[in-house]
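Step one of this worksheet: look at the structure below.
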Amino acid sequence: MGKLFEELILLIKKNWYRPVGCILLSLLVLIVVYSFLYHYDVTYIFNITQAEVKNKFTRGEIIISPLALFIVITVWRFLTSIPKSKKDTVGIIIAILTENEKEKILLRNDFIKTFREKIDLGNIPGNFHMVEYPEFYAAQVSINNHTKFLEKSKAHFIISGSLKERQWKGKDHYFLKLDVTVRHAPIPLKISQQFAKEMGELFPRRITFGVDDEFAGFEITTDWAIFVTEYIIGVAACMTADFGFSSTLHSKLHDELKGINATLPAIRILKEKNKRRLVIALQLGASLAYYKYRQTNDNKLLNDIEDKLEIIRSIDPNDYNANILRAILYFLRDRDIDTALKELKRITYKPDSTWLYSVAFLYAYKGNMDKALKAYKKAKRGIIGEHVIVETEEFIYDIIALEPVKYQLWFCVGFINYFVKEDLQLAKQCFEKFLASGGENIFSEERRLAKEYLKQISIVQ
């Protein structure tokens, strides 16, 4: 009987994740339960009946016994279900197949354990949760069904593949094949394709190292996989507008990569890509803080913007968007026009005319309308995003509301609406407000131009 039990247990272990495993486990439990119920009267033990009946099944025991079967099936289903990521964490699935027990131990000790330890090191506790798939589920995972398992495990990132030991060039080698997918919010197809291409370029898909060199091989592979994992999750976080978490990951990776040999082409590529992604995440975070400031006038947000811009300065002092936002910060915080203008004039790479609109505004605020008008005329001939024009106009309206004495700014928004937006009605209103403010001898040239523009508008209308 003992040997039968041993064989049954071995079969259960072998088929643990399959329905047959549940059937065999249920059979084992039923044998044990019915054996116990036959020799002992459970209803008597629990004071349900007054008279004890042994070596016989009672009606109460027959009713109770199916409960054991229900408990077994429930527990089995819980223990064999697909592992899930913890709530409010970035779930990382590891689903790597091995061919024997030795490889399984190596993978667990030299890759998964190290991966788990290093991914937690330096991160905010609880940010990441490793989900290790048992071989039964790992065998079902392929690059084609990554999305399905990401959804089932409520995870964000999956690394799947296989570890095999083979002879190569007369020596034993380990061959580690890896595939990776990250789950992110819906994004435009073009961006998604670019992101997928980037993952393919960076993530180590096929790694080979000698069995004699297994420790170093696994260590290098693990480090590289962790670096790329942090990078990819950082990019995905940025795509889902979690700029704080994104910049935290890219900043951590930036510090980690400083001490790594930059002569390796892959490291050089990752360093440059990560540096750019860090700047982008910080830019977007600073821009978000700026828009919040515009709505709330909370000066604490200006400190947040400054902190982010200083980090960008340390990485890329000539970043175009950061230069513009830094100039805005100087103006908003201290009305420091000269420093703001110097910041804008430091710009070397000028992809559009956004900086010129900022230059024009600063000169106009300062009262130098001649330079302001020259800048606006040059800006309107350049390339500019529609959102920049709208934001520029709204910004000027906010300043006029705060400082009505700067009425010359009405001429600026009139110029923008007339020549850039071609909104003649709004341009007319702005020019009229400008002419209705101040004395006739102040900004005389602009007054002459405003009257001329109004005549032109009246002819067209």
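A few points about this structure:
- Residues satisfying the stated conditions in the range 380-391, i.e. under 23 Å from L329 (Cβ atoms) and without any contact (Cβ under 8 Å) to a residue 12 or more places away in the chain: H387, V390, E391
- Only one of L67, L28 that is modelled with pLDDT of 80 or more, in a helix (DSSP H, G or I) and farther than 25 Å from Y137 by Cα: L67
- Looking only at residues of the range 155-175 that are assigned to a strand (DSSP E or B) and of a type in the set (A, V, I, L, M), we find that the one that is surrounded by the most Cβ atoms within 10 Å (Cβ to Cβ) is I158.
- In the range 446-461, the residues that are over 13 Å from F415 (Cβ atoms), more than 52 Å from the chain's Cα centre (by Cα) and not aliphatic (A, V, I, L, M): R448, K451, K455, S458
- Residue satisfying condition, being touching a residue at least 60 places away in the same chain (Cβ under 8 Å) and either part of a helix (DSSP H, G or I) or at negative phi (or both), within set L373, L288: L373
- Test: residue in the range 216-232 that is farther than 26 Å from R277 by Cβ, at pLDDT below 75 and not hydrophobic (A, V, I, L, M, F, W, C): yes
- Contact map, the range 392-411: first residue under 15 Å from L435 (Cβ atoms), second residue in a helix (DSSP H, G or I) and charged (D, E, K, R), Cβ cut-off under 6 Å, separation 6 or more or different chains; pairs are W410/K433; F411/E446.
- Selection count, the range 61-104, where residues are among the small types (G, A, S), touching a helix residue (DSSP H, G or I) at 6+ places or on another chain (Cβ under 7 Å) and under 20 Å from V180 (Cβ atoms): 1
- Filter pass, G382 being closer than 13 Å to I337 by Cβ and exposed (fewer than 15 other Cβ atoms within 10 Å of the Cβ): no
- The sole residue among Y330, Y363, Y376, Y320 that is surrounded by fewer than 22 Cβ atoms within 10 Å (Cβ to Cβ) and more than 19 Å from S287 (Cα to Cα) is Y363.
- Residues within the range 385-396 that are loosely packed, with under 13 Cβ neighbours inside 10 Å and part of a helix (DSSP H, G or I), tallied: 4
- Qualifying position, being part of a helix (DSSP H, G or I) and out of contact with any His (no Cβ under 9 Å at 6 or more places or on another chain), among G414, G382: G414
The values are calculated or read from the model by the stated rules, or taken from the named source; none is laboratory data. Note that this is a predicted model, so its numbers are computed, not measured. Cβ atoms come from the backbone with ideal geometry, glycine included; neighbour counts cover every protein chain shown.
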